[in-house]
1. When ranked by the protection proxy of mean other Cβ atoms within 10 Å per residue, highest first, what sequence do the peptides 149-155, 232-238 form?
2. Quick one: which of 212-222, 51-61, 16-26 comes out on top by average Cβ neighbours within 10 Å, and what's the full order, highest first?
3. Mean separation of Cα pairs under 8 Å and 6+ residues apart, divided by the residue count of the chain: what relative contact order is that in percent?
4. Equivalent-ellipsoid semi-axes (√(5λ), Cα gyration tensor) for the chain, whole Å, largest first?
5. Between Rg and the Kirkwood Rh of segment 8-125, both from Cα atoms, what is the Rg to Rh ratio?
6. Filter the chymotrypsin sites (Phe, Trp or Tyr not before Pro) in segment 10-86 down to the DSSP loop ones having no more than 13 other Cβ atoms within 10 Å, then list what survives.
7. Once the other residues with Cβ under 11 Å from the Cβ of residue 283 are scored (Lys, Arg +1; Asp, Glu -1), what is the net sum?
8. Hey, how much of the P(r) for segment 126-199 falls beyond 18 Å, as a percent of Cα pairs?
Amino acid sequence: MASPKRLQGLTAATITPMTPDGEINLSVIGQYVDYLVKEQGVKNVFVNGTTGEGLALSTQERKQLAEEWVTKGKNKLDHVIIHVGALSLPEAKELAKHAAAIGASGIAGIAPFFFKPTNKDTLVAFLREVASEAPGIPFYYYHIPPLTGVKIRVEELLDGIKEQIPTFQGVKFSDTDLLDFAQCVKNHKEQFVLLYGVDEHLLSALAMGASGAVGSTYNYLGKKNNLMLEAFAKKDLTLAQQYQFCTGEFLSFVFKLGFGVAQTKAVMTFTSGIPMGPPRLPLLSASVDFIEKAKAKMASLIL
Ligand SMILES: CC(=O)N[C@H](C=O)[C@@H](O)[C@H](O)[C@H](O)CO
Ligand SMILES: CC(=O)C(=O)O
């Protein structure tokens with residue numbers, strides 16, 4: 001799946017489908033790929049990340065999911081990025097090696113978040129060991145300080161990183177510090193891809209020069225977000241705002257009800273018709289009340 005094309009546009013952070021009794025459900029991934037491509041116009045995926053409950057899966061499950069996405073995505077998807085981050089360095093390295101061996105188009109990693117790196121050098125040292133297990137494919141840093149608690153600024157991290165990690169290719173930036181994001185764009189736009197990860201703020205990040213976006217909502221709001229990207233590319237800011245406001249209307253509504261990975265699974269199930277199943281503990285399934293309200297809100301969106 002090694003793809004010569006630079007990653008751009010939308011990337012769906014994939015959900016991990018599960019059976020009602022909580023096992024990973026590989027049997028619907030082929031259908032999932034077709035849905036993303038045909039119904040949402042999304043041809044890149046980010047597997048086993050936050051939305052995919054990657055850190056709640058066993059290493060074996062993560063490998064099986066990675067294989068299934070690469071296999072089913074063949075000749076259909078442009079990029080299959082596998083998130084290999086873990087708390088244990090050997091585990092992250094094993095997953096990185098595996099992703100490269102099965103033909104993934106790239107790997108990504110978060111900072112370990114139990115024992116945390118306290119400065120840039122230790123974070124780079126950790127990431128370098130992971131990336132070096134997959135020397136033939138791009139490595140992306142997954143910056144998500146609200147969940148990892150690792151707040152090392154990306155602007156600082158990127159300075160000189162290519163010398164330390166030759167496969168370094170970009171960042172998935174899931175934070176609202178647009179100053180940090182803008183500095184990354186200013187200093188590295190030619191060299192790295194800067195992918196924004198807070199879907200409800202994407203238009204602001206496009207204004208700062210984002211190369212693309214990775215997020216959970218592109219699973220079911222990919223089409224509208226693609227139209228926003230198109231409007232932005234044509235410099236039609238008014239139309240681009242309308243799309244951001246439209247998807248924001250939905251997200252603002254569900255945030256008030258309580259929204260996370262479990263609810264994302266429910267929304268994707270009713271939007272795509274593909275059963276995503278329950279989340280894994282400690283997450284709990286979305287309530288029937290949530291599903292009914294979210295469904296009605298989704299159906300009411302105009303545009
Ligand atoms: C914390 C989290 O899951 N962030 C996702 C990606 O990083 C986003 O795609 C959000 O799910 C999305 O922006 C909705 O808040
Ligand atoms: C949103 C995202 O990229 C993730 O779920 O990892």
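No lab work stands behind these numbers, since they all come straight from the coordinates. Values in this document were obtained by computation on a predicted structure and should not be read as measured data. Note that we place each Cβ from the backbone using ideal geometry, even for glycine, and neighbour counts take in every protein chain shown.
1. Working: 149-155: 16.7, 232-238: 11.6.
By packing density, highest mean first, the sequence is 149-155, 232-238.
2. Details: 212-222: 25.8, 51-61: 18.3, 16-26: 16.3.
Per-residue mean Cβ counts within 10 Å order the peptides as 212-222, 51-61, 16-26.
3. Numbers: 556 pairs, mean separation 59.6, N = 303.
Relative contact order, the chain: 20 percent.
4. Values: eigenvalues 152, 110, 66 Å².
Here the semi-axes work out to 28, 23, 18 Å.
5. Working: Rg = 14.5 Å, Rh = 14.7 Å.
That ratio is 0.99, to two decimals.
6. Values: sites: 32, 35, 46, 69; in loops: none.
Hits after loop and neighbour filter: nothing returned.
7. Numbers: positive: 265, 280; negative: 53.
It works out to a net charge of +1.
8. Details: 937 of 2701 pairs.
Summing the P(r) tail past 18 Å for segment 126-199 gives 35 percent.
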